[in-house]
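Take a look at the structure below.
The values are calculated or read from the model by the stated rules, or taken from the named source; none is laboratory data. Everything numeric here is computed off the predicted structure, so don't read it as measured data. Note: ideal-geometry Cβ built from the backbone for every residue, glycine included; neighbour counts use all protein chains shown.
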Amino acid sequence: MIDLKALREDPEPARQSQIARGADPELVDQILEADQARRDALHEFENKRAEQKSISRSIGKAAPEDRQKVLAHAKELAAEVKDLEARANEMRDKADALAKSIPNIILPGVPAGGEESFEVLRFEGGEPRDFEAEGFEPKDHLELGEGLKAIDMKRGAKVSGTRFYYLTGIGAQLELALLTMALDQGVKNGFIPMITPTLVTPEIMGGTGFLNEHSEEIYYLPTDDLYLTGTSEVALAGYHTDEIIDVDEPKRYLGWSTCYRREAGSAGKDTRGIIRVHQFNKVEMFSYCTADEAEAEHERFLAWEEEMLAKVELPYRVIDTAAGDLGTSAARKFDCEAWLPTQKRWMEVTSTSNCTTFQARRLNIRERGEGGTQTVATINGTLATTRWIVAILENHQNEDGSINVPKAMRPYLGGREKLEPVV
């Protein structure tokens with residue numbers, strides 16, 4: 001949730017943020033009007049309640065002949081106070097609902113526009129391989145995975161339906177190697193490893209900002225009133241709900257979890273293989289820090305993601321995501337996209353978002369600062385996920401269907417230098 005005090009003082013950044021996102025800037029004025037109505041109703045209620053308390057205290061002091069009159073007046077005031085309290089609560093709920101409907105205010109420099117309006121910041125990891133010059137047509141990750149007996153989509157669909165799969169044999173080992181390497185890197189950099197819950201309450205899911213435009217992608221269990229998480233970010237953000245924490249140094253957690261996404265609205269997109277699936281595993285970085293430290297922490301998260309990408313030796317580019325493609329909670333997001341040879345395109349493999357104080361304000365997570373408690377900031381970022389297997393297989397393949405193992409991964413795969421097809 002955005003800072004209403006800051007919004008009252010200067011609503012223009014919020015209006016410009018809405019315009020950059022392609023959203024309605026008039027929502028800002030609606031929020032301000034509802035906030036003013038809430039404060040007016042609360043002021044009227046408190047004044048009338050004070051009057052009621054004063055009259056009630058005077059009943060015992062009133063002359064006998066006036067006591068019934070004073071008592072009747074006190075009852076009238078009590079009824080008025082009850083009505084005004086109900087109105088104040090109604091205005092509060094309306095104002096809260098409107099305030100929660102507006103996405104985070106983007107940071108200066110975020111590109112305006114929709115999905116295709118991102119800004120490419122740089123290319124890293126060397127030039128993509130020229131398979132034509134090498135004399136063979138690259139196979140896609142599913143054909144390679146099936147040749148290694150590493151991916152089984154047919155039985156995944158038989159058991160669970162479309163967009164489900166099995167990682168088998170070396171496929172399972174490859175994913176565990178990747179995630180364990182990410183875990184080791186995170187611990188080395190001071191993150192506390194966490195195995196997180198994958199079911200959360202509506203309060204936590206809503207508090208992180210995922211029940212707005214992304215709600216159709218979330219699995220919901222109505223019998224239990226719980227949501228399946230699409231990222232451990234949700235559980236990690238909820239970890240310190242309603243707490244005052246020490247963030248003199250950023251408080252960093254590393255979540256390892258299975259993630260679930262309905263992929264609603266993605267019909268026909270990446271239906272082959274494991275690029276866009278309903279269930280996958282992920283190692284996620286998460287940090288609580290001061291608001292002043294948030295942008296620097298965000299840059300650190302990007303650097304740690306790039307450190308992982310260097311270890312798996314992938315060509316990639318870094319993009320500054322456009323405002324209209326940001327999630328509700330993000331004020332800025334950097335994506336790293338690896339080259340996908342068979343599709344001749346860049347595919348997102350990591351993202352890191354600066355959510356400023358948006359999530360923590362909803363979840364009531366604060367720190368003790370000068371002048372009292374202050375809302376903390378939250379940063380999140382992917383360190384490794386199942387989708388990386390797609391880029392690793394395609395970029396490191398040989399003509400015979402074998403896969404060269406990146407040097408940094410070899411200790412996690414028993415020293416293997418190459419993964420051979422299974423005949």
Problem set entry | All positions within the stretch 268-309 that are among the aliphatic types (A, V, I, L, M) and more than 20 Å from residue 183 (Cα to Cα) | 274, 275, 277, 291, 294, 296
Seminar exercise, completed: Within the stretch 75-86, residues buried (at least 16 other Cβ atoms within 10 Å of the Cβ) and farther than 13 Å from residue 51 by Cβ come out as 85
Seminar exercise, completed: Out of (1) closer than 25 Å to residue 186 by Cβ; (2) among the charged types (D, E, K, R); (3) over 31 Å from the mean Cα position of the chain (by Cα), the one residue 420 does not meet is (1)
Seminar exercise, completed: If we keep only residues of the stretch 378-402 that are in a strand (DSSP E or B) and touching a Pro at 6+ places or on another chain (Cβ under 9 Å), then the residue surrounded by the most Cβ atoms within 10 Å (Cβ to Cβ) is 379
For this session: Could you give me the residue pairs with C-beta distances under 9 Å whose first residue belongs to the stretch 352-369 and is in contact (Cβ under 8 Å) with a residue 24 or more places away in the chain and surrounded by fewer than 21 Cβ atoms within 10 Å (Cβ to Cβ), whose second residue is of a type in the set (A, V, I, L, M) and in a strand (DSSP E or B) wherever it lies, and which are 6+ apart or on separate chains?
Result: 366/244; 368/244
Exercise. Residue check: is residue 248 outside any loop (DSSP other than H, G, I, E, B) and either outside the structural domain of residue 150 (by TED's automatic domain parsing) or more than 18 Å from the chain's Cα centre (by Cα) (or both)?
Worked result: no
For this session: Looking for whichever is among the hydrophobic types (A, V, I, L, M, F, W, C) and assigned to a helix (DSSP H, G or I) here; the options are 172, 112. Which one fits?
Result: 172
Problem set entry | Residue that is surrounded by the fewest Cβ atoms within 10 Å (Cβ to Cβ) [pool: residues in the stretch 196-226 that are of a type in the set (D, E, K, R) and in a helix (DSSP H, G or I)] | 216
Problem set entry | Flag if residue 120 is exposed (fewer than 15 other Cβ atoms within 10 Å of the Cβ), among the β-branched types (Val, Ile, Thr), touching a residue at least 40 places away in the same chain (Cβ under 8 Å) and under 21 Å from residue 231 (Cα atoms) | no
For this session: State which residue is farthest from residue 327 (Cα to Cα) when the search covers only the stretch 74-109 and only residues that are outside any helix (DSSP H, G or I) and in contact with an Asp or Glu (Cβ under 8 Å, 6 or more places away or on another chain).
Result: 109
For this session: Within the stretch 54-68, identify whether any single residue is of a type in the set (A, V, I, L, M, F, W, C), surrounded by 13 or more Cβ atoms within 10 Å (Cβ to Cβ) and outside any helix (DSSP H, G or I), and answer yes or no.
Result: yes
Seminar exercise, completed: Scanning the stretch 227-245 residue by residue, those charged (D, E, K, R) and assigned to a loop (DSSP other than H, G, I, E, B) turn out to be 242, 243
